[in-house]
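The values are calculated or read from the model by the stated rules, or taken from the named source; none is laboratory data. Keep in mind that this is a model prediction, so the values were computed, not measured. Note that each Cβ is placed from the backbone with ideal geometry, even for glycine, and that neighbours are counted across all protein chains shown.
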Amino acid sequence: MANLKEIRNRIASVSSTMQITSAMKMVSAAKLKKAQDAITAMRPYANKLTELLQSLSATLDADSGSKYATQSDVNKVLIVAITSNRGLCGAFNSNIIKECLRLEKENYSNRDVSILTIGKKGNDILSKHANVIENHSDVYDNLTFENVATIAQSLMDRFVEGEFDKIELVYNKFKNAATQIVMTEQFLPIVPVQSESTANLDYIFEPSKQEIVEQLIPKSLKTQLYKGVRDSFASEHGARMTAMHKATDNAGELKDSLTLTYNKARQAAITGEILEIVGGAEALNN
């Protein structure tokens, strides 16, 4: 059994760690509220815009289709991995990294796969196991639509120029503070979707369906990437808050266990001293 001084030092160390994790939990909780409000507010707009454009794209003739909807043989694939710049958020980053490596190994085993990372943690690990061509971790320094739109425009230009045949997004979708869902979304080319709910809609287009689609598709793609980054940002704070909550609880349990061990050791030491005194007194009397 460790001596009393060692146990006291461990108790002090655990108490200090518990204060840090508790503070980090509160900071993440405060940031989560703002990030959650942002993604909740933009989801209906982003989803409706995507739904509208997909249904409109499905009604266009093949010859007049958007350059962003051009289908070709998939030989060159780009995976956009959206992670965080900081750790201490449980399996938040590792889930994205595992999914990217799984896609490369299972879905695109015979393809030329490149990875673009948004977030330092993803870049640090994936650069050791895959072909990472770019990292945009600085986007979190000022997370605005304009900064993300610049990345989206670069991806769109590369697709049009034929540098990549397919681009996919991998990110954590925010469900609640304790749950994040790993999502894999096709970014380019756009996949037209024809459903019964949209097939019978009768729109009046001005100036024309073709012009409207071609003007709105770039905006829709930029919004899709921004939504993915925003989802990931909210998920990060939720995952960190949950992780720090569990860490604080575990530290509390460990502190209680060490305190019990300390009290037992202290009691044993006191009992030993008493026995020595009694033994000495009996020896004097004899």
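Couple of notes before you dig in:
- Selected residue (criterion: farthest from the chain's Cα centre (by Cα)) from residues of the range 255-271 that are of a type outside the set (Ser, Thr, Tyr) and buried (at least 16 other Cβ atoms within 10 Å of the Cβ): Ala265
- For Asp37, the test of being farther than 26 Å from Gly252 by Cα, acidic (Asp, Glu) and at pLDDT 85 or above is passed.
- Odd one out for Val170 among (1) more than 17 Å from Thr50 (Cα to Cα); (2) assigned to a helix (DSSP H, G or I); (3) among the hydrophobic types (A, V, I, L, M, F, W, C): (2)
- Filter result (closer than 27 Å to Gly87 by Cβ and surrounded by fewer than 20 Cβ atoms within 10 Å (Cβ to Cβ)) within the range 178-188: Ala178, Thr179, Ile181, Val182, Met183, Thr184, Glu185
- Qualifying residue in the range 167-180 (condition: among the small types (Gly, Ala, Ser) and touching a Leu at 6+ places or on another chain (Cβ under 8 Å)): yes
- Apart from one condition, Pro207 fits all of (1) closer than 30 Å to Val182 by Cβ; (2) not in a helix (DSSP H, G or I); the exception is (1).
- Of all residues in the range 121-155, none satisfies the criterion of being among the polar types (S, T, N, Q) and in contact with a His (Cβ under 8 Å, 6 or more places away or on another chain).
- Residue match in the range 212-224 (condition: modelled with pLDDT under 95 and in contact with a strand residue (DSSP E or B) (Cβ under 8 Å, 6 or more places away or on another chain)): yes
- So Leu56, is it of a type in the set (A, V, I, L, M) and either at pLDDT below 75 or assigned to a strand (DSSP E or B) (or both): yes
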